[in-house]
Amino acid sequence: MERLDAFMARAAALYYAQRAGLGRDFTTAPEMSQAFGECLGLWCAVTWQAMGAPARVVWAELGPGRGTLMADALRAVREVAPGFAAAAEIHLVETSPLLREAQARRLAAAWHARFEEIPPGPMILLANEFFDALPIRQFVRRVEGWRERWVEGGRFVELPCAHAGEAPEGSIREWGEAAEALAGAIGARLAREGGAALVLDYGPAESGFGDTLQALRDNAPADPLGPPGEADLTAHVDFAALARAGRAAGAATHGPLPMGLFLQRLGLMARSAMLARAAPAQAGSILAAAQRLVAAEGMGRLFKALALAHPGLPIPAGFEG
Ligand SMILES: C[S@@+](CC[C@H](N)C(=O)[O-])C[C@H]1O[C@@H](n2cnc3c(N)ncnc32)[C@H](O)[C@@H]1O
């Protein structure tokens, strides 16, 4: 028997080591549109300028998948912000050997298994659809009190626990303990050494109740408690909790904002229109992808953007107002 977070961690390690079905089981924003990575690259360049344009800056990404986001971002900044491109030292946090290989085909970088291994210094960090892959814990309110969910033989088992708080019977509370610890570590580093982090992921702006654990295989829902490693397991990111953890560690936080609004403020639609004009044969699919990223009924509302930053930095691009 394993506690749910231990089961999820084991399943994720197996999944990303053996299958890593990016594009087959699920699709992410950078795989849909090159404008996504380009706009985030410009966000990083503007942030670097606001940091006083340090001669050396750690440019890090958590869970870079196929390396598409960073490759698009790098191409954009080489063109419009060569000073930042020259100062940036790319560090990728990736545990999957399969995906490290894919990233190495596109990027010259240093690789790390954990955020804590990134060398010190001012940092600009990106994390797209990384936090949703981190293990969560789940608590269920029963008449006798709260019970924590463990996993045995593909089923949940509920065990007594120390969770507290009032809620109607049957309520489910999730706790992204690992995600909060990481947000705290990022916040502490930014407060100490300078820089900013941009987290893009799916989940609510406010903490709430409900079971959001899900599994995808071949772009269709699968059983989250099925054989570990065969499907991609994720859960909603609790952005309010991440922001609290970042602030408690000394960082300033900005957002969360709906991702659609954030991307529009960064100029994603204008950039997509430019790309469509340059490639008329693909114009329909380029504009449809951009629309899916920003539209409320697509990814524009459920996905959020949250920034953690050194408290001395101005409000990061896209978060004003
Ligand atoms: C859903 S994919 C997102 C990929 C990419 N960011 C994108 O938007 O296309 C999750 C990524 O995080 C990596 N990953 C998952 N759990 C991890 C962990 N605990 N430590 C380091 N990397 C992890 C995966 O190998 C993969 O690269």
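The values are calculated or read from the model by the stated rules, or taken from the named source; none is laboratory data. In this text the structure is predicted, and so the values were computed from the model without any measurement. Neighbour counts are summed over all protein chains in view; Cβ atoms, including those assigned to glycine, are modelled from backbone coordinates with ideal geometry. Remember, those area values only see protein heavy atoms, side chains included, never the ligands or the DNA or RNA. Shrake-Rupley method; radii C 1.70, N 1.55, O 1.52, S 1.80 Å.
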- Over the range 67-83, the set of residues open to solvent by less than 40 Å² (accessible area, probe 1.4 Å) and either under 23 Å from the mean Cα position of the chain (by Cα) or within 16 Å of the ligand (Cβ to nearest atom) (or both) is GLY67, THR68, LEU69, MET70, ALA71, ASP72, ALA73, LEU74, ALA76, VAL77
- Message: Condition check: open to solvent by less than 40 Å² (accessible area, probe 1.4 Å), assigned to a loop (DSSP other than H, G, I, E, B) and at pLDDT below 95. Does ALA164 satisfy that?
- Response: no
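Which strands (runs of 3 or more DSSP E) sit wholly inside the range 182-257 and have at least 1 residues that are aromatic (Phe, Trp, Tyr)?
Values: elements: 195-202, 214-217, 220-222, 232-234.
By residue number, 195-202.
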- Query: Is it true that some residue in the range 196-218 is crowded, with 18+ Cβ neighbours inside 10 Å, at pLDDT 95 or above and more than 23 Å from ALA12 (Cβ to Cβ)?
  - Reply: yes
- Task: Identify, from the list PRO30, PRO64, PRO54, the residue that is part of a loop (DSSP other than H, G, I, E, B), buried (at least 18 other Cβ atoms within 10 Å of the Cβ) and of a type outside the set (A, V, I, L, M).
- Result: PRO64
- Message: For the condition over 21 Å from LEU198 (Cβ atoms) and more than 16 Å from the ligand (Cβ to nearest atom), what is the one hit in ALA55, ALA50?
- Response: ALA55
- Applying the selection to the range 91-105, what residues are assigned to a loop (DSSP other than H, G, I, E, B) and either touching an Asp or Glu at 6+ places or on another chain (Cβ under 6 Å) or away from the ligand (no atom under 12 Å from the Cβ) (or both)? ARG105
